[in-house]
Amino acid sequence: MKLRAGNYFEDFRLGERIAHPTPRTITEGDCALYIALTGARNALHCATPVAQALGYRSRTVDELLLFHIAFGKTVPNISLNAIANLGYADLRFLVPCYPGDTIRAESEVIGLRENSNRRAGIVYVRSNAYNQTGELVLTWVRWAMVNKRDPNAAASGSVVPTLPDVVGADRLAIPPFLKAAALRAEVTGATDLWDDYEIEERIDHPSGMTLDESDHTLAAKLYQNNAHVHFDAMAMKETPFGRRLVYGGHVISVCHALSYDGLENGFAIAAVNGGTHTNPTFAGDTLYAITQVREKWALPGRQDVGALRLRLLGIKNLPAAKLVSPLAADGKYHASVVLDLDYTVLMPRKGSA
Amino acid sequence: MKLRAGNYFEDFRLGERIAHPTPRTITEGDCALYIALTGARNALHCATPVAQALGYRSRTVDELLLFHIAFGKTVPNISLNAIANLGYADLRFLVPCYPGDTIRAESEVIGLRENSNRRAGIVYVRSNAYNQTGELVLTWVRWAMVNKRDPNAAASGSVVPTLPDVVGADRLAIPPFLKAAALRAEVTGATDLWDDYEIEERIDHPSGMTLDESDHTLAAKLYQNNAHVHFDAMAMKETPFGRRLVYGGHVISVCHALSYDGLENGFAIAAVNGGTHTNPTFAGDTLYAITQVREKWALPGRQDVGALRLRLLGIKNLPAAKLVSPLAADGKYHASVVLDLDYTVLMPRKGSA
Amino acid sequence: MKLRAGNYFEDFRLGERIAHPTPRTITEGDCALYIALTGARNALHCATPVAQALGYRSRTVDELLLFHIAFGKTVPNISLNAIANLGYADLRFLVPCYPGDTIRAESEVIGLRENSNRRAGIVYVRSNAYNQTGELVLTWVRWAMVNKRDPNAAASGSVVPTLPDVVGADRLAIPPFLKAAALRAEVTGATDLWDDYEIEERIDHPSGMTLDESDHTLAAKLYQNNAHVHFDAMAMKETPFGRRLVYGGHVISVCHALSYDGLENGFAIAAVNGGTHTNPTFAGDTLYAITQVREKWALPGRQDVGALRLRLLGIKNLPAAKLVSPLAADGKYHASVVLDLDYTVLMPRKGSA
């Protein structure tokens, strides 16, 4: 029997290590497709001379493209039978990824908790992605609710890991070669630097983007994320959703690309502190984005670059300026909010040139 | 008059040789798009370090991508006026194709048979694709029913070529440098090797993929296949189909990608013995795949790698496990079966490490 | 306030120079996507050995892909608040662009004219695109009607620039290294050369291509053209169009790709003399193309290559052969005509081999 049904909740063991199949050489082709799928305009990912002026070897692979490809590798082993991806934490980009690098991923099961109804349970994994020289380029924790094959099967222990709420400034990887002052306003289109953002400031990004079936499925296939919910419209017809679900990572990418207008000098994502997909997104939905500034951090030993901790809200079918609050009166997420992402970007500081 | 109407049946001459226009440099960009269009996960095509461990110079171009590009070149001269592509035979991949290689194609007319109603006829061609150094990388025979411009025109002879039912093991091109034992389970995601497959074994691949207009048309444009049936919805409205037809090669690619789960160590396609598009596929259809093992061949002089002759059935709007037999009670293909492909893959053998 | 609302008519100053953000390294990935989006088959852009035989360093970036990327850079500063892109003039391709080149763009405001109702005005800009070594690769003038933020705001002067109707043969950039005779019929698929085209000749190109939402939005995102009209279906519902507009440049590209059959040896676009988007195009429309030969020019000092000045008509939902005239009885454009483009291609001359 060569049934590839993926792991069910009772198949996971605490401390188990899983090497995920399908290492992937990420190429200029993937980078071009990522731009076509999202409209991303970050200069570090678009232009080699800009990247080199900043000290990088060449343009880098968009951090979110890298994440989606690495994440996609974990799907066949971790979440093929997931009911829901519940959250992310402690995601850190540690080493730049360049076109031509080959990425492989491994995961360790760091937590397991069966649901009280015993039909499913939450699996917590720490996943690590390595490049071809064995450097750890990216690490993250996620947890997902995974079905049991057999509700009567015994589950292995009950451990909920302690996770940091935020990746502190001291744990951000700032490339030692980085020359942040080389990022010029004529390249990014804006003069606002780290100093110009204020805590609690809210930016209603002006653009919206409507999703279609082909582009979200192309994205998920590019990431080799084979979760059935994104691809099989016939099977999805039998679910409460009634149709294919957009991969949550594509929602992150589109909202992040929409947030470029107002955050132009945030040249790289350093960490994702946490994130939730608060409502499903479908083809036909139009996405908008709001950013709120949560914290501003100077970085140890660096006068030229600071970090902004941001909240990125993804909204569907409601322009950014029309959302008063992401929470409805009952304290739950507004039905239009599809994404609540807490992440950290690097941005040049003033007077550092 | 610069009318480019393509050849009609009466234009073909037995033994005629045709050099097809538009040589194509296949790049990393094409490979990335192929993954995005199909979700293919074959490690040899995804990761250069894996390919190098196997002895290849770098990751190779997916055999089906190579075939579709080479096939697309033949369309303007051979099948622009085809009513139907009737079949393939004796397709062999002879030399690996790498990103950066440039492919051109030539065909020879090896058979012609007019229909009894004299309105059309069957054209048989042997097509060859060469790389930039003149090596023959791929060869195949196909036959198509092509309209006549003028039913009264005289047709040139009536010859039906003798074609092999199967590409025998001795005619498969196994790269002399190949180190098949280097393909590790952690890279492909499965431990099943050549020894683990049994003749008559059936694998119901678990995933389905719904097609949309944009992705099948992007695929056919990528392959520079300019057959009108795939692109011109307005003209297709006047046909019995009523809408655009999905390029049969895209159906092969999607079904082959779906068949990865269960055939993970089949690292390269060596030959296509035959194939038929048994029913049309349209945007909106969800494809599923079944593999049946037909034959197992040891390969002359190789202990490390064997060949599996497989039958790949593509089904639409019916999950694999629900198809009892590809044939209906009347002996014809079940209306859900869209593809019946007979092909041969290379797979490592046990104990060869 | 980090509102990125783009410039309004009263923000422009005559003689103002604008450096556009987001320089872009154009890669093999972009070239592959361009083929997938348009089906373009020009041999110079498809095959490195062909390009090298012609004297180029490698296959070149399709002139229209280069243009769309350069044009896209100007959108955030020039036309984010445009009501209509009114026209192009004096577009010249000066230096070949190769995969790996990085393009940046600058514009100068060369004309301003307020509408009599004072609610909007026409902005004329000369835009220049440079490669990473500072060479001017492409230059063009366009004019757009741009809204005023405040109808009562004073507008700066009223200057309408004098623009050439046509880019004369003496202003075309012919690469000195070009060996046009090396372009062979077996590579392009046609023997018709410059000598074989007659002034006033009309070519009804045989193919049609239906557009879908995903492919036109993928194209505009690839070009990083962030005009809202192409992406935000929700906002477009409130406009007279009722839905997303296809980027006019994508219409040019698709029609140009359709015109390959009949113009196969027109290996490079040298100039665009002028162009108008005469009607909107939407997903679901099927495009067809007609070419009329306007002028034939010998080129100074060259026996091997000539120029053809062509009129490319893009038509929707009407096959080329069915359009009697692009103008209706009232002297306005036929409702099916979406594009009227006047451009110049280079083509080998006979007997030059």
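Could you tell me whether A:Gly15 is among the small types (Gly, Ala, Ser), open to solvent by 10 Å² or more (accessible area, probe 1.4 Å) and at pLDDT below 95? Full working, then the answer.
Details: among the small types (Gly, Ala, Ser): yes; open to solvent by 10 Å² or more (accessible area, probe 1.4 Å): yes; at pLDDT below 95: no.
Considered against the rule, which asks whether it is among the small types (Gly, Ala, Ser), open to solvent by 10 Å² or more (accessible area, probe 1.4 Å) and at pLDDT below 95, A:Gly15 comes out as no.
Tally time: how many residues in the range B:96-127 are in a strand (DSSP E or B) and either under 30 Å from A:Gly100 (Cβ atoms) or within 14 Å of chain C (Cβ to nearest Cβ) (or both)?
Restricting attention to the range B:96-127, the residues satisfying the condition of being in a strand (DSSP E or B) are B:102-114, B:120-127.
Narrowing the set further to residues that are either under 30 Å from A:Gly100 (Cβ atoms) or within 14 Å of chain C (Cβ to nearest Cβ) (or both) leaves B:102-107.
Total satisfying the criteria: 6.
Being buried (at least 21 other Cβ atoms within 10 Å of the Cβ) and either more than 27 Å from A:Pro164 (Cα to Cα) or more than 16 Å from the chain's Cα centre (by Cα) (or both) is the filter here; which residues of the range A:268-284 pass it?
A:Thr281
Kindly establish whether B:Asn85 is in contact with a Phe, Trp or Tyr (Cβ under 9 Å, 6 or more places away or on another chain) and away from chain A (no Cβ under 14 Å).
Yes.
Applying the selection to the range C:206-228, what residues are open to solvent by less than 30 Å² (accessible area, probe 1.4 Å), facing chain B (nearest Cβ under 8 Å) and outside any helix (DSSP H, G or I)?
C:Ser207, C:Gly208, C:Met209, C:Thr210, C:Asp212
Would you call B:Ala89 farther than 30 Å from B:Gln52 by Cα and either in a loop (DSSP other than H, G, I, E, B) or at pLDDT below 95 (or both)?
Taking the combined requirement at face value, the residue does not satisfy it.
Let me spell it out: the conditions are (1) within 23 Å of C:Leu178 (Cβ to Cβ); (2) in contact (Cβ under 8 Å) with a residue 12 or more places away in the chain; (3) not in a helix (DSSP H, G or I), and C:Gly134 meets all of them except one. Which number is the exception?
Every condition holds for C:Gly134 apart from (2).
Going by the conditions given, is A:Val61 touching a strand residue (DSSP E or B) at 6+ places or on another chain (Cβ under 7 Å) and of a type in the set (Val, Ile, Thr)?
No: the conditions fail for A:Val61.
Quick check on my filter: what residues within the range C:1-16 are more than 11 Å from every other protein chain (Cβ to nearest Cβ), of a type in the set (D, E, K, R) and not in a helix (DSSP H, G or I)?
Selection gives C:Arg13, C:Glu16.
Give the number of residues within the range B:273-301 that are aliphatic (A, V, I, L, M), farther than 19 Å from B:Ile203 by Cα and in a strand (DSSP E or B).
Result for the range B:273-301: 2.
Just give me the residues in the range A:302-335 being open to solvent by 20 Å² or more (accessible area, probe 1.4 Å), within 23 Å of C:Lys237 (Cβ to Cβ) and not in a strand (DSSP E or B), in sequence order.
Passing the criteria: A:Asn317, A:Leu318, A:Pro319, A:Ala321, A:Lys322, A:Val324, A:His334, A:Ala335.
How many residues, within the range C:87-110, are closer than 25 Å to A:Gly189 by Cα, under 18 Å from the mean Cα position of the chain (by Cα) and open to solvent by 40 Å² or more (accessible area, probe 1.4 Å)?
Qualifying residue count, the range C:87-110: 2.
Please find, within the range B:196-205, the residue that is farthest from the other protein chains (Cβ to nearest Cβ) out of those that are touching a strand residue (DSSP E or B) at 6+ places or on another chain (Cβ under 6 Å) and open to solvent by 20 Å² or more (accessible area, probe 1.4 Å).
B:Ile199
Residue check, B:Asp212 against (1) out of contact with any strand residue (DSSP E or B) (no Cβ under 9 Å at 6 or more places or on another chain); (2) of a type outside the set (Gly, Ala, Ser); (3) under 28 Å from B:Tyr56 (Cβ atoms), all met but one. Which one?
B:Asp212 satisfies every listed condition except (3).
Looking only at residues in the range C:178-195 that are under 18 Å from C:Ala298 (Cβ atoms) and more than 8 Å from chain B (Cβ to nearest Cβ), which one is surrounded by the fewest Cβ atoms within 10 Å (Cβ to Cβ)? Please lay out each step first, then the result.
Of the range C:178-195, the ones under 18 Å from C:Ala298 (Cβ atoms) are C:178-181, C:183, C:192-195.
From what is left, the residues that are more than 8 Å from chain B (Cβ to nearest Cβ) are C:178-181, C:183, C:193-195.
Numbers: C:Leu178: 20, C:Lys179: 17, C:Ala180: 26, C:Ala181: 18, C:Leu183: 24, C:Leu193: 23, C:Trp194: 24, C:Asp195: 14.
Among those residues, the one meeting the criterion is C:Asp195.
The values are calculated or read from the model by the stated rules, or taken from the named source; none is laboratory data. If you're wondering where the values come from, they're calculated on a predicted model, not measured in any experiment. Cβ coordinates were reconstructed from backbone atoms using ideal geometry, including for glycine residues, and neighbour counts include every protein chain displayed. Heads up: the accessible areas ignore ligands, DNA and RNA and are worked out on the full protein's heavy atoms, side chains in. Shrake-Rupley method; radii C 1.70, N 1.55, O 1.52, S 1.80 Å.
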